[in-house]
């Protein structure tokens, strides 16, 4: 195994890899979940005294999550052993119909080939990793017939009984690759189930999870939440996307975060998040609220001045306090439906 492959396995798949910068955490995605579970070796490596420079902001991210009590550590290797029987049964069932995994295997092979080209043999020689599916760049295996074949194609189908048939030989190779990939998927599903956590897989495993939809329901839901947050802050509101770890901490510690999560999921399910008019509609509604708030301020200020003009001891001060209290309550009422927007815009609303 190359160094980058080992590190990739031990890194949380919540971000992207950029040449020259390393692993960039997707801070928007980190807003969507209350708690996180990380492998013990990954935790130790990321928070070591001399972490690799390509880890980027991840040490700071773990410190923020740990300080708020939202980060737990698990010994993944030991947990995998505990579910050995479960994993074995899952694999045996999965391998009964190899051809059903053709699409998932093709997707995996294409994305991993893209990672090979992007990262090279060392991280220092890396290029940007985008996880884009390109069917024309799926790697082939050269068979005994001298031709190149996609393992996720016909090699997964019934090869017959002749061990000298090139198709039979390719079939055995394809089954070996398929079994390896399914073992990784099943290990993630089985371990996180006993740990009562939602597994977050790297992009190449997406089609496997979709094919195993019943077993992977929790994983698919978590992936949906992550994708919704990513689209919300990259398409609809890129100007308000959290860019620093300190901003992540501020947002996670605000009680309005629940409302933000609900808005993100609602916009994702309705398709609003991809509608270019959606952010404009939000801004227009917030402007209406701000205008109403401005009128409340003017009216309450006028009342305070009017009452304060009455020459009675203490009346002016009491009127001002009452006016301020009334104004604050009305402002809170008007803004409550849009608290999520005031949160991401750092309280500036329509700026």
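The values are calculated or read from the model by the stated rules, or taken from the named source; none is laboratory data. Please read these numbers as outputs of a predicted model, since none were measured by experiment. Note that each Cβ is placed from the backbone with ideal geometry, even for glycine, and that neighbours are counted across all protein chains shown.
Only a single criterion out of (1) within 20 Å of residue 26 (Cα to Cα); (2) modelled with pLDDT under 95 is not satisfied by residue 175, namely (1). Regarding residue 59, is this residue more than 18 Å from the chain's Cα centre (by Cα) and either on the phi > 0 side of the Ramachandran plot or assigned by TED's automatic domain parsing to the domain that holds residue 199 (or both)? Here the answer is no, as residue 59 does not meet what is asked. Let me spell it out: the conditions are (1) at pLDDT 50 or above; (2) loosely packed, with under 14 Cβ neighbours inside 10 Å; (3) in contact with a helix residue (DSSP H, G or I) (Cβ under 7 Å, 6 or more places away or on another chain); (4) more than 27 Å from residue 244 (Cβ to Cβ), and residue 315 meets all of them except one. Which number is the exception? Result: residue 315 fails condition (1) only. A count restricted to the range 181-201 and to residues that are in a loop (DSSP other than H, G, I, E, B) and out of contact with any helix residue (DSSP H, G or I) (no Cβ under 7 Å at 6 or more places or on another chain) stands at 2. When residue 210 is tested against (1) crowded, with 18+ Cβ neighbours inside 10 Å; (2) assigned by TED's automatic domain parsing to the domain that holds residue 178; (3) part of a helix (DSSP H, G or I), exactly one condition is not met: (1).
Residues of the range 37-56 being under 27 Å from residue 235 (Cβ atoms) and either modelled with pLDDT of 95 or more or more than 18 Å from the chain's Cα centre (by Cα) (or both), which ones? Listed by number, the list is empty, since nothing qualifies. Take the conditions at pLDDT 65 or above, loosely packed, with under 14 Cβ neighbours inside 10 Å and assigned to a helix (DSSP H, G or I) and apply them to residue 298. Does it pass? The answer is no for residue 298. Remark: residue 136 matches the filter, which requires a residue to be modelled with pLDDT of 75 or more, surrounded by fewer than 19 Cβ atoms within 10 Å (Cβ to Cβ) and part of a helix (DSSP H, G or I).
Could you pull out the residue among 288, 255 that is over 24 Å from the mean Cα position of the chain (by Cα), without any contact (Cβ under 8 Å) to a residue 40 or more places away in the chain and not assigned by TED's automatic domain parsing to the domain that holds residue 57?
Residue meeting the stated conditions: 288.
Here 199, 204 are screened, and the one residue that is surrounded by 16 or more Cβ atoms within 10 Å (Cβ to Cβ) and either at pLDDT 95 or above or closer than 20 Å to residue 106 by Cα (or both) is 204.
Answer with yes or no whether residue 224 is surrounded by fewer than 19 Cβ atoms within 10 Å (Cβ to Cβ), assigned to a helix (DSSP H, G or I) and in the same structural domain as residue 109 (by TED's automatic domain parsing). Against the criterion (surrounded by fewer than 19 Cβ atoms within 10 Å (Cβ to Cβ), assigned to a helix (DSSP H, G or I) and in the same structural domain as residue 109 (by TED's automatic domain parsing)), residue 224 does not qualify. Remark: residue 88 falls outside the filter, which requires a residue to be loosely packed, with under 15 Cβ neighbours inside 10 Å, more than 19 Å from residue 216 (Cα to Cα) and at pLDDT 95 or above.
Of 219, 262, 266, 229, all but one fail to be buried (at least 21 other Cβ atoms within 10 Å of the Cβ), modelled with pLDDT of 95 or more and in a helix (DSSP H, G or I); the exception is 229.
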